Amino acid sequence: MDTQLFEQARQNRDPRFDGRFFIGVKTTGIYCRPICPARIPKVRNVQFFLTAARAAEAGFRPCLRCRPETAPGTPSWGGTSTTVKRALSLISEGALDESGVESLSDRLGVNARHLSRLFSQHLGTSPKAVEQTRRLHSAKKLLDETCLSMVDVAMSTGYGSVRRFNDHFKQVYGRSPTQIRMMNKEARIGLSPALSALGFQLKLAYRPPFDYLAMLNFLKVRAIPGVEQVTDEKYVRTIVVGSSLELRQVGRLTVTHDPEKRCLLVNIELDRANQLIMVLEKVKRLFDLMADPIVIIKCLQADKQMSAMVAQNPGQRVPGCWEPFEIAVRAIVGQQISVKGATTLMGKIANTYGQQTEIGRVFPDANDLSQIDVTQLSMPVKRAQAIKDMSQAVVAGEIVFTVGSDHANLMHQLQNIKGIGLWTAQYIAMRALGDPDAFLQGDLVLAKVAKRCLGIKCDKELVERSKQWQPYRAYACMHLWRQALQLNDVPKNAG
């Protein structure tokens, strides 16, 4: 913890540090974001925390003015062990809503005591404290930004009962959820009392710099016809949520940008509100909102030649995905063909095997593609067979594209499938799993740009050079790809 740096950020209300740390104010007993508009407390009266959960565990309550629950997420992969990273990802998906720490630790292959020890070592708090803070923040966000009933808010955020929901708010804020909602009445003017044609409208903050236009440009040329629509201003797609047939919902997601407030505006059209927080978590990964630009830029700028590219595009992020299986199919389809050709073929797959709904077309899942006739796809049979084999492995549970997956094990399993090589597996790691250090070894674009801009002559030399960019090689790949666009030189196999 760099307290001197954090103090400087606090004094300047620097938005680049929003969500990277929280400030406990000893005289008031509250914790705030670095950008809190309240009068800046004296140095002797503040204490820094790397996570909101740690601040809460120390006895501080969330500030009602700067709303810590709306801060960009703490970068879960920064300075923590692999096990903790995976655990944090699973907790963000609600892994502790219906089961305990023992069940979570079983999924991670460790015992509960060891997991708690790792959390204490790396985050200074416990898995349960992280979950309680996540649940409280999620509920507070829905209270402030929607007109959902108290029952719906409680159930949607994993409380299990309204009584537990009320007790937790009174314990933390000293007020009931209803009183909290009334305090923020002005901010809620214009919200519909029920779900309308416009859907639920929520906000997701980010740490600047953030190149929203570059993100849309990347997604636009890869948008699946019928499933996604991307313009210069917004991203729209058909979504499916729910882990079972009973809970399954088809809806529409629309994302736009509010640069003045440094946030994405997320419109979610669903019949029921029980999956709203889950949708927001997926949008965070899609737009890489958990990234810490300061740390990433500092790392890449250590390479003097890479530094110039980073300076040109400091807000570069790594585009994620809505559905990991969908990106895995895309990675196979994109082997040795142009981006435009891969996009066209993905549209054909969606049109042939996907479901058409009133809202839009749903991309086929693993069950849909596990029984395809490989001779019917407009692609080499071996490549189509790889899609079928991967789909069958997913159906059989041999490959699991879930948040918190063991990346190394998943990469090994993918490459055991004939037709899936290192490039394809790494592309999946970068976009589907959000691995910040995924490196697309063998990528033709990277090789060509590296030769022209970095003076690198061969793939082996590029791999060696990439060690300077660790643990953010995925961001280096994006900068190099972007250089190819500026040079108007994009060969095949460009993802």
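Each residue, K418 and T402, gets one label point 7 Å from its Cα in the Cβ direction; the gap between the two is 3.0 nm.
Averaging the sequence gap over all C-alpha pairs within less than 8 Å and six or more residues apart, then dividing by the number of residues, gives segment 3-70 a relative contact order of 34 percent. Placing pseudo-labels 7 Å out from each Cα toward the beta carbon at I40 and R175 gives an inter-label distance of 2.7 nm. Gain on full extension, evaluated as 0.36 nm per residue between S149 and C458 minus their Cα-Cα distance, stands at 105.2 nm.
The angle between the Cα long axis of helix 162-173 and the longest principal axis of the Cα atoms of the chain comes to about 70 degrees, rounded to the nearest 10. Placing unit charges on the Cβ atoms only, positive for Lys and Arg and negative for Asp and Glu, gives the chain a dipole magnitude near 1380 debye about its Cα centre.
The mean sequence distance of close C-alpha pairs (under 8 Å, at least 6 residues apart), as a share of the length of segment 324-486, puts its relative contact order at 18 percent. On the principal axes of its alpha carbon atoms, segment 324-486 extends 48, 32, 32 Å, with the longest extent given first. Taking the chain, the Cys residues with no second Cys beta-carbon under 4.7 angstrom are C147, C263, C299, C321, C453, C458, C477.
Please compute the net charge surrounding I417, taking Lys and Arg as +1 and Asp and Glu as -1 over other residues with Cβ under 13 Å from its Cβ. Spelling it out: positives minus negatives among the neighbours equals +2. Segment 111-136 and segment 1-38 have Cα centres separated by 22 Å.
The alpha carbons of the chain occupy a box of 65, 53, 46 Å along the principal axes, longest dimension given first. Over all other residues within a Cβ to Cβ distance under 13 Å of V162, the charged ones net out to +1, with Lys and Arg as +1 and Asp and Glu as -1. Modelled spin-label separation between Q47 and D2, with each label point placed 7 Å from Cα along the Cα-to-Cβ direction: 2.4 nm. Our estimate of slack between S338 and R65, defined as 0.36 nm per intervening residue step minus the Cα-Cα distance, is 93.3 nm.
Measuring nothing but how far apart in sequence close Cα pairs (under 8 Å, 6+ apart) lie, relative to its length, the chain scores a relative contact order of 12 percent. Which entries of K203/K284; K284/K304; K298/K448; K141/K220; K220/K348 have Cα-Cα distances beyond 21 Å here? In this structure, K284/K304; K298/K448; K141/K220 lie more than 21 Å apart at Cα. Using the Cβ of P15 as centre and a radius below 13 Å, the other residues enclosed give a net charge of +4, where K and R count +1 and D and E count -1. Centre-to-centre separation between the Cα atoms of segment 347-372 and those of segment 239-305: 23 Å. Comparing G124, H257, A342 along the charge dipole axis of the chain, the residue lying farthest to the positive side is G124, per the Cβ-charge model.
Where a number appears in this text, it was derived from the coordinates with a stated rule and is not lab data. Since the structure is predicted, the reported quantities are computational estimates derived from the model, not experimental observations. All Cβ positions, even for glycine, are placed from backbone atoms using ideal geometry, and neighbour counts span all protein chains on display.
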